[in-house]
């Protein structure tokens, strides 16, 4: 067992390919693998509807994905394994961290962000 509590095999400190000590994006065990919508924008953005979301295809900079409506107690993890920065939108009419309504949050290549909802309509 590792110091963080993994029982059979430690996955806490793994790199992009799940190998200990390998540099790369954070290892996020996923329940959903997605492709960002080409061309960006919120209306047609790919919905990331799982608790753990890996976006493995981002063909052009700022291709887009969006989170479902923020409901108190909800948690989402989004990891960008694509080749470009992606735009992540909140659900229509919602916002991130008190930014403007419908304003996207850019997620860099190899980055993962953990979101939690404390107030309906806002992801933090």
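No lab work stands behind these numbers, since they all come straight from the coordinates. Model, not experiment: these values are computed from the prediction.
Of all DSSP beta bridges confined to the stretch 32-123, the antiparallel ones make up roughly 40%. Taking 0.36 nm per residue of sequence separation and removing the Cα-Cα distance, the residue 44/residue 60 pair yields an extension gain of 4.2 nm.
Equivalent ellipsoid of the stretch 32-123: semi-axes from √(5λ) of the C-alpha gyration tensor, largest first, are 20, 14, 11 Å.
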